[in-house]
Structures are given as structure tokens and as C-alpha cells.
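Data block below; observations after.
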Amino acid sequence: MHPIAQVLSNAAHGEFPDVDGAWERVDPWHEGVEGVVALTGHALIAVADDVADARIDALGANGFGGATNPRLVAGLAGDGWIDALDVVLVANGLGGEPTLVPRSDLRNHPRAEHATAVRTGVATFGYAAADDHTLVTLATGLGGLPELGIEVDPRKGHTGAEVTQAALTLVPREQVVVAACAPGNARALRAALAAGFEPVASVQLWRPHRP
């Protein structure tokens, strides 16, 4: 299990790293994607081995916010793509009979395309009605854990919490699953919390291009 997956799985069970102000280096879990996962007082930085620890230290990395400083992220990403800073939430899969069905016709949805850029094995699900464009993506995501993405079709009357709980039936019971949500996306954040997700960390991803 990747170190980030282990830390997030532990956090899902109430076990967190020491609040020591430190950062630790881990290998990237997805080719071409790097990132920083920050918890209370501790951070993990997934970066390729062409970056020296001294460089990360020089950019101000620490477990008390330094690891998510925009100067550090920009310094490590170079002129590559940088994703938004997200809240990381964890929950346990519900298993059972899924209430969603595979929807290959939603594969070109912008959310699905974004998921493909930073995750592997992206599968798209939704409700059976062809005119319902509610989308759930399930992929191998952060640290190699199952990761969900949700987009609700506002025309169909579903609530975000309802769709999120339906998405959890796609994941085996007791399997830790993660979701990422922009802090400013209060509607999505409230839906995740209502469906049983708990916030445990933050994450910011980038695709480096270091001249």
C-alpha cells in the first residue's frame, strides 16, 4: 500500500500522524502526477527523484502550512499544470446492490475527462434514464485508493447527498474511499458530509514541467 493510502486509511479510522510540523517525502503514486497531502501538523510530498530534499526545504516545506504554500507548489511544478487545492474526505464503501449503472455515454463529460488526467481506471456511472446526466466517476485515485467524483444533473431533482450515498454502493463494504472537494464548493462539501464522508486532509496535485 502506498504511504499516502496508508495514512488516509488510518485517518479514516481516527489514527493520524504526529503533529510534529514535519514533512516527509514519498514516491508519486501515478506516473507524471505529483502532489502534497497535508494533515494537521504533518505533510507528505510525492515528488520524483530529480528534486532534492534540499530544494524542497529551501521552498519552505513544513507540516504547518508550508507544504501547501503556493510558492512551494509553483516551485515544484515549474511551468506545468497545477490543480486546485482540495479538501480530502474519506468514507467506507457501502457495498450491497448498486443503485447506479455503468454509463459509457458520459465518458466525455468534463468531470470524467479531468479524472482521467490524474487517475487511472476511470469508470463512469449514473442513473439508468438516458436523459439523466448525473455522473459518478470511480477510479484508482489518491495514493492508489478508490476515489469518487460526483456531478448532479440539476434537472432531475437528486440531492448531492443522495447521489453520493448511491456512489458508495459501488465500493465494497468497509473499503476506504476518498473524495476531493474544493473548499469553496460548499454545496458539494455539505453533500459529502451528509453522506458520511469526513474531512481528514488537503491535497494539491500538479503535472511537473521543470525546465
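The values are calculated or read from the model by the stated rules, or taken from the named source; none is laboratory data. This is a predicted model, so every value here is computed, not measured. All Cβ positions, even for glycine, are placed from backbone atoms using ideal geometry, and neighbour counts span all protein chains on display. Accessible surface areas use protein heavy atoms only, side chains included; no ligands, DNA or RNA. Shrake-Rupley method; radii C 1.70, N 1.55, O 1.52, S 1.80 Å.
Of the residues Val101, Val37, Val176, which exhibits the maximal mean-square fluctuation in a Gaussian network model of the chain defined by a 10 Å Cα contact cut-off?
Highest fluctuation of the listed residues: Val101.
Can you order the peptides 182-192, 60-70 by their average number of other Cβ atoms within 10 Å per residue, highest first?
Highest to lowest by the protection proxy: 60-70, 182-192.
Leaving out ligands and nucleic acids, note down the accessible area per residue over the chain with a 1.4 angstrom probe, in whole Å².
Here the per-residue accessible area is 47 Å².
Can you list the residues of region 167-211 with backbone N under 18 Å from a point 7 Å past the Cα of Ala58, pointing along Cα to Cβ?
209-211
At q = 0.11, 0.16, 0.17, 0.19 Å⁻¹, what log₁₀ I(q)/I(0) does region 97-211 have when each alpha carbon counts as one equal point scatterer in the Debye sum?
-0.34, -0.73, -0.83, -1.04
Could you compute the FRET efficiency for Glu15 and Asp49, with r as their C-beta to C-beta distance and R0 at 35 Å, rounded to 0.05?
0.75
Which three extents, in angstrom, do the Cα atoms of region 129-186 have along their principal axes, listed largest first?
Extents along the principal axes, in whole Å: 34, 28, 16.
How many percent of the alpha carbon pairs in region 45-94 exceed a separation of 19 Å?
Counting pairs separated by more than 19 Å, the tail of P(r) holds 33 percent.
Express the Stokes-Einstein translational diffusion coefficient of the chain in µm² s⁻¹, to the nearest whole number, given a Kirkwood radius over alpha-carbon pairs, 4 °C and a viscosity of 1.567 mPa s.
Using the Kirkwood radius from Cα pairs, D works out to 74 µm²/s.
Can you give the direction-averaged projected area of the convex hull of the alpha-carbon atoms in region 1-91, in nm²?
6.0 nm²
Within region 141-159, name every residue whose backbone N is under 14 Å away from a label modeled 7 Å from Cα of Arg190 along the Cβ vector.
159
Roughly what % of DSSP beta bridges within region 25-77 run antiparallel, to the nearest 5?
Around 75 percent of the beta bridges assigned by DSSP in region 25-77 are antiparallel ones.
Can you tell me which of 127-138, 193-204 comes out highest on packing, and rank the rest after it, using the mean Cβ neighbours within 10 Å?
Answer by packing, highest mean first, reads 193-204, 127-138.
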